[in-house]
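What follows is a set of notes on a single structure, which appears directly below.
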Amino acid sequence: MKLQCDVEVVNRMLPSFGIRNRGKGVRAVLSIGKHVDKTSHRSNIYMMICTAKDRAGSRYKLKDNIEKFFTWFVEEGKATVRIKEPAVDICLSKADANSLKNFLSAARLADRGSDASSLPLSTLTPVRARDVEQPKKKLSIVSKKDYPLTSSFPYSLEQLQVSYCKLSRVDMRMLSLKALRKLDLSNNHIKKLPATIGDLGCLSELILHNNHLEAFSEALCLSTLQRTLQLLDLSQNRLRSLPAQFCQLKELVNLKLDDNELVCLPFHVGRLSSLRFLSAAHNQLAVLPGDFRKLSLENLDLFGNPFVQPNPLDHTIKLTFPLPLQELATRAVANLRLPYGPHLIPAHLCRDLEVAKTCECGRVCLNYFIKTAVSMNLHQVSHTVVLVDDMGGTDAPVQQHFCSLSCYSEFLDKSLQRGIR
């Protein structure tokens, strides 16, 4: 039975001599196993602690020699074992919670004198230097020959880069790294992302530049990434669209979508209230969603998209008279801000309400509207704007919806008046 963790051995007699313990643990490997006592020539069960400075290890007899276990914080990987002789407290921290529980159970059995055959004993030998190194926080692998096939990734990793390794999928071993804050899988051949990436509860940076991704799933948008993800790089992939739920990633600050095949941005992109850097150059964007006006950016790059030339008279009409009852009812739900959900109304109506359009008058329309495109200077939403085209322009077309003919007519009148002036 072995355990890797931080250890501090506290001598309980030091305070009586006016000496304080230093109060800092070191990386160690703890083992429970048999050792033959040189004086009595009897075999006893010991706990051995090996550190980088003492790889041969210090041994503590266990049978009838443990005064108390302190396990209040065992779920956090912390515990203390109080030894009778010598009078020391062995303070454990930064351990895997399950491994720590198993280790303490074995120590309890050894203290009670249980039959050795029932204990998961280890050989008490000096450890290798790499076993007692400080926990690794950062790892970069940029060659296929360096990729670990038989060993696992260090559990303590906070930053992991695996690039140029020709990965066709995300290695599931990476998804057990619960402390991971930055995951860089750029320059691989990944086609699909597992939903379990959303279980990485500390992940703030996800870099997937230059892969073969064709979709970004709804499940990821609805995972814990909603609360943690700040940087997302999906550039140089094969994305044609992003789900409506993408705008649930409300902590995003930096979003890179360059060199994909996107024909549209998420309808409610304006809900990304924390977004400050957006690049979607070299896609297939013809027009921006109306919600784009709500963004407040520091830097925006939309160069190389085939934007249409906006013309308010060039419109699409999806209106019937009178409006269907379903359209009237769902408009009422949205305009009156009534609470709704699949437990109250049909699920397909909930989906319709999620992509409701806002008319210039402030009211909502869903499936029946008039749609056109208007020109917007991108400096209205961003402090710095990369030129949209080779002509030096910073204007782009933005969708505009109208809930009725009267609203559209009023808009045209205002446009004509501006043109006359």
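Kindly indicate which of ILE66, ILE45 is more than 41 Å from the chain's Cα centre (by Cα), more than 11 Å from THR125 (Cα to Cα), surrounded by 19 or more Cβ atoms within 10 Å (Cβ to Cβ) and at pLDDT below 90.
Result of the check over ILE66, ILE45: ILE45.
Report, by residue number, each residue of region 191-217 that is open to solvent by 40 Å² or more (accessible area, probe 1.4 Å) and of a type in the set (Val, Ile, Thr).
Matches in region 191-217: THR196 only.
Those residues that are among the small types (Gly, Ala, Ser) and exposed (fewer than 14 other Cβ atoms within 10 Å of the Cβ), I need them from region 48-63; list them, please.
Residue satisfying the conditions is ALA56 alone.
Given ASP291, ASP258, which one is acidic (Asp, Glu), under 22 Å from LEU208 (Cβ atoms) and touching a residue at least 24 places away in the same chain (Cβ under 8 Å)? Reasoning before the result, please.
On the way: ASP291 fails: under 22 Å from LEU208 (Cβ atoms).
So the residue among ASP291, ASP258 that is acidic (Asp, Glu), under 22 Å from LEU208 (Cβ atoms) and touching a residue at least 24 places away in the same chain (Cβ under 8 Å) is ASP258.
Hey, any hits in region 85-105 for a residue that's at pLDDT below 90, under 16 Å from LEU124 (Cβ atoms) and open to solvent by 80 Å² or more (accessible area, probe 1.4 Å)?
No, region 85-105 contains no residue that is at pLDDT below 90, under 16 Å from LEU124 (Cβ atoms) and open to solvent by 80 Å² or more (accessible area, probe 1.4 Å).
Restricting to region 165-190, name every residue that is touching a Ser or Thr at 6+ places or on another chain (Cβ under 7 Å) and exposed (fewer than 15 other Cβ atoms within 10 Å of the Cβ).
ARG173, HIS189
Can you tell me which residues in region 69-81 are buried (at least 17 other Cβ atoms within 10 Å of the Cβ) and not small (Gly, Ala, Ser)?
VAL74, LYS78, THR80, VAL81, listed by residue number.
Name the residue that is farthest from LEU249 (Cα to Cα), counting only residues in region 259-318 that are of a type in the set (Val, Ile, Thr) and in a loop (DSSP other than H, G, I, E, B).
Applying the filter and picking the extreme gives VAL308.
Suppose we keep only residues that are open to solvent by 60 Å² or more (accessible area, probe 1.4 Å) and part of a loop (DSSP other than H, G, I, E, B) within region 126-143. Which one would you say is modelled with the highest pLDDT?
It comes out as VAL142.
Here is a check on your reading of the model: is LEU323 closer than 14 Å to CYS403 by Cβ and either in a loop (DSSP other than H, G, I, E, B) or open to solvent by 40 Å² or more (accessible area, probe 1.4 Å) (or both)?
Numbers: closer than 14 Å to CYS403 by Cβ: yes; either in a loop (DSSP other than H, G, I, E, B) or open to solvent by 40 Å² or more (accessible area, probe 1.4 Å) (or both): yes.
Judged against the criteria, LEU323 is a match.
Would you check if ASP390 is open to solvent by 70 Å² or more (accessible area, probe 1.4 Å), closer than 19 Å to ALA280 by Cβ and touching a helix residue (DSSP H, G or I) at 6+ places or on another chain (Cβ under 8 Å)? Walk me through how you get there before you give the answer.
Details: open to solvent by 70 Å² or more (accessible area, probe 1.4 Å): yes; closer than 19 Å to ALA280 by Cβ: yes; touching a helix residue (DSSP H, G or I) at 6+ places or on another chain (Cβ under 8 Å): no.
Here the answer is no, as ASP390 does not meet what is asked.
Look through region 145-171, keep the residues that are touching a helix residue (DSSP H, G or I) at 6+ places or on another chain (Cβ under 9 Å) and outside any loop (DSSP other than H, G, I, E, B), and return whichever of them is farthest from ALA95 (Cα to Cα).
Step by step, filter region 145-171, then rank; the result is VAL162.
Sort out which residues of region 242-288 are in contact with a strand residue (DSSP E or B) (Cβ under 8 Å, 6 or more places away or on another chain) and open to solvent by 10 Å² or more (accessible area, probe 1.4 Å), and write them in order of number.
Scanning region 242-288 gives VAL253, ASN254, LYS256, ASP258, LEU265, ARG276, PHE277, SER279, ALA286, VAL287.
Of all residues being in a strand (DSSP E or B) and out of contact with any Phe, Trp or Tyr (no Cβ under 7 Å at 6 or more places or on another chain) in region 83-108, which is nearest to MET48 (Cα to Cα)? Just the residue, please.
Step one: filter region 83-108 for residues in a strand (DSSP E or B), giving 83, 88-93.
Within this subset, residues satisfying the condition of being out of contact with any Phe, Trp or Tyr (no Cβ under 7 Å at 6 or more places or on another chain) are 88-93.
Working: VAL88: 14, ASP89: 14, ILE90: 11, CYS91: 14, LEU92: 13, SER93: 16 Å.
Per the stated criteria, the residue is ILE90.
In the list LEU302, LEU349, which residue meets the criterion of being open to solvent by less than 30 Å² (accessible area, probe 1.4 Å), at pLDDT below 85 and not small (Gly, Ala, Ser)?
When all the criteria are applied, what remains is LEU349.
Name every residue in region 172-214 that is part of a loop (DSSP other than H, G, I, E, B), among the basic types (Lys, Arg) and farther than 22 Å from GLU76 by Cα, in order of residue number. Working first, answer last.
As a first pass, look at region 172-214 and keep what is part of a loop (DSSP other than H, G, I, E, B): 177-181, 185-194, 200-204, 208-214.
With among the basic types (Lys, Arg) added as a condition, the list becomes 178, 181, 191-192.
Within region 172-214, LYS191, LYS192 qualify.
For region 144-164, which positions are open to solvent by 70 Å² or more (accessible area, probe 1.4 Å), out of contact with any Lys or Arg (no Cβ under 9 Å at 6 or more places or on another chain) and more than 27 Å from GLY77 (Cα to Cα)?
Filtering region 144-164 for residues open to solvent by 70 Å² or more (accessible area, probe 1.4 Å) gives 144-146, 149-150, 152, 155, 159, 164.
From what is left, the residues that are out of contact with any Lys or Arg (no Cβ under 9 Å at 6 or more places or on another chain) are 145-146, 149-150.
Result: LYS145, ASP146, LEU149.
Take the conditions crowded, with 22+ Cβ neighbours inside 10 Å, modelled with pLDDT of 95 or more and under 20 Å from LYS182 (Cα atoms) and apply them to LEU220. Does it pass? Don't jump to the end; show me each part of the working.
Working: crowded, with 22+ Cβ neighbours inside 10 Å: yes; modelled with pLDDT of 95 or more: no; under 20 Å from LYS182 (Cα atoms): yes.
Considered against the rule, which asks whether it is crowded, with 22+ Cβ neighbours inside 10 Å, modelled with pLDDT of 95 or more and under 20 Å from LYS182 (Cα atoms), LEU220 comes out as no.
Six or more apart or on different chains, Cβ atoms under 7 Å: show the pairs whose first residue is in region 61-81 and part of a helix (DSSP H, G or I) and of a type in the set (Val, Ile, Thr) and whose second is modelled with pLDDT of 90 or more and crowded, with 18+ Cβ neighbours inside 10 Å.
VAL74/LEU100
The values are calculated or read from the model by the stated rules, or taken from the named source; none is laboratory data. All values derive from a computational prediction rather than experimental measurement. When we count neighbours, we look across all protein chains shown, and the Cβ atoms used for this are built from the backbone with ideal geometry, even at glycine. Keep in mind that these areas ignore ligands, DNA and RNA; they rest on the heavy atoms of the full protein, side chains included. Shrake-Rupley method; radii C 1.70, N 1.55, O 1.52, S 1.80 Å.
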